[in-house]
Amino acid sequence: MEDNWEKQLACALNCGHCDRAFGSKDRRLLSVYDHAPICMDCKREEEKRPDYEDTSKQMIAHCMETTDKPYGDPASYCFHHFCSFRCK
């Protein structure tokens, strides 16, 4: 996933969880559960899950370990689990 995250976000036509169609200006993120591009509504639903905090921490640790970049680096796919992306 680390190698093609930007293409998956930019080219996603539908939310990976609810299948809602993305418009070119719609914001999207990567799910902390399965790294699928998801809409902002699905992200809000993820954040309500009782295991979200632990899952987020595990995803960040794994991401930093595999990419050697901090999760706050905009060039890292980790960043786009928490900061939205728009189609270019």
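Scanning region 28-41 for residues that are loosely packed, with under 15 Cβ neighbours inside 10 Å and either under 12 Å from residue 82 (Cα atoms) or touching a helix residue (DSSP H, G or I) at 6+ places or on another chain (Cβ under 6 Å) (or both) turns up just one, 40.
Answer with yes or no whether residue 11 is at pLDDT 90 or above, surrounded by 11 or more Cβ atoms within 10 Å (Cβ to Cβ) and at negative phi. Considered against the rule, which asks whether it is at pLDDT 90 or above, surrounded by 11 or more Cβ atoms within 10 Å (Cβ to Cβ) and at negative phi, residue 11 comes out as no. Answer yes if at least one residue in region 42-58 is closer than 13 Å to residue 84 by Cα, surrounded by 12 or more Cβ atoms within 10 Å (Cβ to Cβ), among the hydrophobic types (A, V, I, L, M, F, W, C) and touching a residue at least 12 places away in the same chain (Cβ under 8 Å), and no otherwise. There is at least one residue in region 42-58 that is closer than 13 Å to residue 84 by Cα, surrounded by 12 or more Cβ atoms within 10 Å (Cβ to Cβ), among the hydrophobic types (A, V, I, L, M, F, W, C) and touching a residue at least 12 places away in the same chain (Cβ under 8 Å).
The values are calculated or read from the model by the stated rules, or taken from the named source; none is laboratory data. Bear in mind the structure is a predicted one, so any value in this text is a computation, not a measurement. Because the Cβ atoms are built from the backbone with ideal geometry, glycine has one as well, and the counts that use them run over all protein chains shown.
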